[in-house]
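Chemist: Quick one: the structure is below, questions incoming.
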Amino acid sequence: MSTANIEEATTSCSLRPKEQDAELARAIGEFEHLSTVDNFNRVACKVRPISASAEKLLCELTIEAEHVNTKGTLHGGFSASLVDIITARAIGVTVKDKGMASVEIAVSYLLPVKMGDRIEIEARVLKIGRNLAFTDIEFRRPDGKVAVKGKHTVAILPNDPPVTATGRVVQF
């Protein structure tokens, strides 16, 4: 992790620097692991976390052919999937060993993103309650303009069945 990322994370969260480094390493490992799973979450395997804190997860992604629609711009369904996956991971910095389920996802598509662009994706945790967590997220183009804006409300499921290393829920 670069010094700039450590400094940014240090000034923006309640985690101590060593905890921030550990959370970033954990986030990086989780996104890298997605390339090995056989479920839908594998679509996010090329997302690269660059900063992690209790309040924010900052990632980047270079838009490739597998991420675009027939017009050569970022696919809306792919964007919506990233809203789900990245905001849930941002909540996971704080909420550990509990299942989660989406309650509401909203996505606004403001500007196109071209193939080859490297975008910055910033997921913010707005509030974590006993049963619900609230997040928002922005995808920024290389020119700094917001291309996609989303929000995600997540139910926290304390009695959810465990998940295996392959990302599958253990069956009863």
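The values are calculated or read from the model by the stated rules, or taken from the named source; none is laboratory data. Here the structure is a predicted model, which means the values were calculated and not measured. Here the Cβ positions follow ideal geometry from the backbone for every residue, glycine too, while neighbour counts run over all protein chains shown.
Chemist: Looking at (1) of a type in the set (Lys, Arg); (2) at pLDDT below 95; (3) under 19 Å from Leu24 (Cα atoms), which one does Arg124 not meet, given that it meets all the others?
Modeler: Every listed condition holds for Arg124 apart from (2).
Chemist: Can you pull out the residues in the range 87-145 that are of a type in the set (Gly, Ala, Ser) and more than 11 Å from the chain's Cα centre (by Cα)?
Modeler: Gly99, Ala101, Ser102, Ala106, Ser108, Gly116, Gly129, Ala133, Gly144
Chemist: Those residues that are closer than 21 Å to Ala25 by Cβ and either modelled with pLDDT under 95 or touching a helix residue (DSSP H, G or I) at 6+ places or on another chain (Cβ under 7 Å) (or both), I need them from the range 101-121; list them, please.
Modeler: Within the range 101-121, Ile121 is the sole residue that qualifies.
Chemist: Taking the range 27-48, which residues are touching a strand residue (DSSP E or B) at 6+ places or on another chain (Cβ under 9 Å) and outside any helix (DSSP H, G or I)?
Modeler: The answer is Lys46, Val47, Arg48.
Chemist: Does Val148 satisfy being in contact with a Phe, Trp or Tyr (Cβ under 7 Å, 6 or more places away or on another chain), of a type outside the set (Asp, Glu) and in contact (Cβ under 8 Å) with a residue 60 or more places away in the chain?
Modeler: On the way: in contact with a Phe, Trp or Tyr (Cβ under 7 Å, 6 or more places away or on another chain): yes; of a type outside the set (Asp, Glu): yes; in contact (Cβ under 8 Å) with a residue 60 or more places away in the chain: yes.
Yes; evaluated as a whole, the condition is true for this residue.
Chemist: Still on this structure, please answer the following. Output the residues belonging to the range 109-123 that are part of a strand (DSSP E or B), out of contact with any Pro (no Cβ under 7 Å at 6 or more places or on another chain) and not small (Gly, Ala, Ser).
Modeler: Tyr109, Lys114, Ile119, Glu120, Ile121, Glu122
Chemist: When the range 82-100 is examined, which residues are found to be over 18 Å from Val43 (Cα atoms) and either outside any helix (DSSP H, G or I) or in contact with a Phe, Trp or Tyr (Cβ under 8 Å, 6 or more places away or on another chain) (or both)?
Modeler: The first filter runs over the range 82-100 and keeps only residues over 18 Å from Val43 (Cα atoms), leaving 91-100.
Selection gives Val93, Thr94, Val95, Lys96, Asp97, Lys98, Gly99, Met100.
Chemist: From Ile50, Ile63, grab the single residue that is within 22 Å of Val125 (Cα to Cα) and out of contact with any His (no Cβ under 9 Å at 6 or more places or on another chain).
Modeler: When all the criteria are applied, what remains is Ile50.
Chemist: Restricting attention to the range 27-59, report how many residues are buried (at least 17 other Cβ atoms within 10 Å of the Cβ), over 24 Å from Ile128 (Cβ atoms) and in contact with a Cys (Cβ under 9 Å, 6 or more places away or on another chain).
Modeler: Qualifying residue count for the region: 0.
Chemist: Can you confirm whether Ala147 is loosely packed, with under 12 Cβ neighbours inside 10 Å, in contact with a strand residue (DSSP E or B) (Cβ under 7 Å, 6 or more places away or on another chain) and either of a type in the set (A, V, I, L, M) or outside any strand (DSSP E or B) (or both)?
Modeler: On the way: loosely packed, with under 12 Cβ neighbours inside 10 Å: no; in contact with a strand residue (DSSP E or B) (Cβ under 7 Å, 6 or more places away or on another chain): yes; either of a type in the set (A, V, I, L, M) or outside any strand (DSSP E or B) (or both): yes.
Spelling it out, it is not the case that Ala147 is loosely packed, with under 12 Cβ neighbours inside 10 Å, in contact with a strand residue (DSSP E or B) (Cβ under 7 Å, 6 or more places away or on another chain) and either of a type in the set (A, V, I, L, M) or outside any strand (DSSP E or B) (or both).
Chemist: Still on this structure, please answer the following. Give me the residue from the range 60-81 that is polar (S, T, N, Q) and either modelled with pLDDT under 95 or assigned to a helix (DSSP H, G or I) (or both) and, out of that set, surrounded by the fewest Cβ atoms within 10 Å (Cβ to Cβ). First the steps, then the outcome.
Modeler: Here is the first cut: in the range 60-81, the ones polar (S, T, N, Q) are 62, 69-70, 73, 79, 81.
Now drop any that are not either modelled with pLDDT under 95 or assigned to a helix (DSSP H, G or I) (or both), which leaves 79, 81.
Numbers: Ser79: 21, Ser81: 17.
Among them, the one singled out is Ser81.
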